[in-house]
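What follows is one structure encoded as structure tokens, with my remarks underneath.
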Amino acid sequence: MVLETKLTSMFDIKYPIVAAPMGPFYTTELTVAVSEAGGLGVLSHTNLFGKSSLKEMKDNMEYVIEHTDKPFGFNIRTARLQIDAATLCRVIPKFISNNPKLREQCVYVVTSAGTPKMMQNGSFRRLKETGSQIKHFHVAPALWLADKCVSAGVDGVVVTGWEGGGHQSYEKISTLVLLQQVKNKYPNIPLIACGGFASGEGLASALAMGADGVAMGSRFIASKESEFHAKYKNVIPDAKASDTVYVTGVLGPIRLWKNEYSLHHGVISSKEEKLSEETQLTPEKALEDQKHYEMTYEGNITDGAVLLGQSIGAIDSIESCKDIIENIVKIAEKRLSESYRYIH
């Protein structure tokens, strides 16, 4: 059996499995490994330790095309408070346009945590006019956000339920419900399901519900090739699904592993409340929050912001990306084949 979906055809990949955006952490080696294994690796929007996110993105892209000839993508967070987003959305498409190898291999951009419209600019349109096959997806953790994505003219939507690690919405809608909502309303748009996926059963269920593939974050953090600190990775195999907590982060709601940082971080119940809080945000406070991500990257998992989703309860090992992907696909194929017995 071969799993062929809109996603595998669109990106010319072997398996309908994508790495979820995992900024601000580095995912350069991970991107190479996921793409080499037949999935679609995705570079993070990285701005740790005061480095230029633009330079880091360019360097990371050049590294990827030096180490694999497979397709890959990248992420830009387009939140209100992400001051580098507009520059990245304008400059990176130009950078890709000027590099024939990048133009061939960089086939996917996923924007998140803000508006999809920021990527729909002249630079991106001109990149497509050069013959690039790049597609723009946006992360939608609620139905009304999926509406905005479609109105903005995206090529596809990443449907993310609140089980997932990282940025979420205030609505707290599960992937199971949200995927049904978006599929029913937009039956023809390519969909990537994200939030809670770490197994063959998860992939099979997403495909059966009409998704064209899945995106995984926590499962790929717990891989041998990922750049995440060993202490971060080692949290996952023994963790329970209940070991994460939904709190308010810098850009909005966020799901983190339970530790000293997250358990004393609080939660804001509405977007209006968050906007009010932002008016009081000082540069010092923003820098303080950033330091907690840097702590995590350096291995301080007690005081750092450890982004993980509820799928950690379904992960019991740290494996190579090749083994992760092939095992998930093998089990998904088995589960989908077994489901035929229900049809008479």
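The values are calculated or read from the model by the stated rules, or taken from the named source; none is laboratory data. A quick note: this is a predicted structure, and the numbers were derived from the prediction, not measured. All Cβ positions, even for glycine, are placed from backbone atoms using ideal geometry, and neighbour counts span all protein chains on display. In case anyone asks, the SASA skips ligands and DNA or RNA and just uses the protein heavy atoms, side chains included. Shrake-Rupley method; radii C 1.70, N 1.55, O 1.52, S 1.80 Å.
Sort HIS45, HIS167 by heavy-atom solvent-accessible area, probe 1.4 angstrom, most to least. Intermediate values should be presented prior to the final figure.
Details: HIS45 0, HIS167 60 Å².
Ranking HIS45, HIS167 by accessible area, largest first, yields HIS167, HIS45.
Can you check what the net charge comes to around ALA19, using other residues whose Cβ is under 14 Å from the Cβ of ALA19 (Lys, Arg +1; Asp, Glu -1)?
Working: positive: LYS70, ARG219, LYS322; negative: GLU29, GLU36, GLU225, GLU227.
My count for the surroundings of ALA19 gives -1.
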In whole Hz, what ³J(HN,Hα) sequence does region 90-100 give by Karplus (6.51, -1.76, 1.60; θ = phi - 60°), x for Gly and Pro?
8, 8, 4, x, 5, 4, 5, 4, 8, 10, x
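From the protein chains alone at 1.4 Å, what is the descending order of accessible area for ASP147, ASP316, largest first? Walk me through the intermediate numbers first.
Values: ASP147 40, ASP316 125 Å².
The most accessible residue leads, giving ASP316, ASP147.
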Quick check: Cα centre of region 39-118 to Cα centre of region 155-198, how many Å?
22
For GLU326, GLU319, the accessible-area ranking with a 1.4 Å probe, largest leading, is GLU326, GLU319
Mind checking which of ILE17, GLY153, SER174 is farthest towards the positive end of the chain's charge dipole, using Cβ charges of +1 (Lys, Arg) and -1 (Asp, Glu) about the Cα centre?
GLY153
Once every DSSP H run of n ≥ 4 in the chain is given -39500 (n - 2.57) and the sum is divided by its residues, what mean residue ellipticity at 222 nm do you get, rounded to the nearest 500 deg cm²/dmol?
-11500 deg cm²/dmol
Using a 1.4 angstrom probe and counting only protein chains, how large is the accessible area of LYS172 in Å², to 10?
100
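Which percentage, to the nearest 5, of the DSSP beta bridges contained in the chain is antiparallel?
Working: 8 of 36 bridges.
Around 20 percent antiparallel, to the nearest 5.
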Could you report the accessible area of LEU263 in Å², rounded to 10, computed with a 1.4 Å probe on the protein chains as they sit in the structure?
100
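Eight or more residues apart or on different chains, and alpha-carbon atoms under 25 Å: count the Lys pairs in region 1-71 matching that. Please report the intermediate quantities before stating the final value.
Working: LYS6/LYS14; LYS6/LYS70; LYS14/LYS70; LYS55/LYS70; LYS58/LYS70.
So the count of such lysine pairs works out to 5.
Which value, in debye to the nearest 20, describes the size of the charge dipole of the chain about its Cα centre when Lys and Arg Cβ atoms bear +1, Asp and Glu Cβ atoms bear -1, and nothing else is charged? Working shown, then result.
On the way: 37 positive and 39 negative charges, 198 e Å.
In debye, rounded to 20, the chain gives about 960.
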Computed accessible area, ARG335, all protein chains, 1.4 angstrom probe, square angstrom:
90
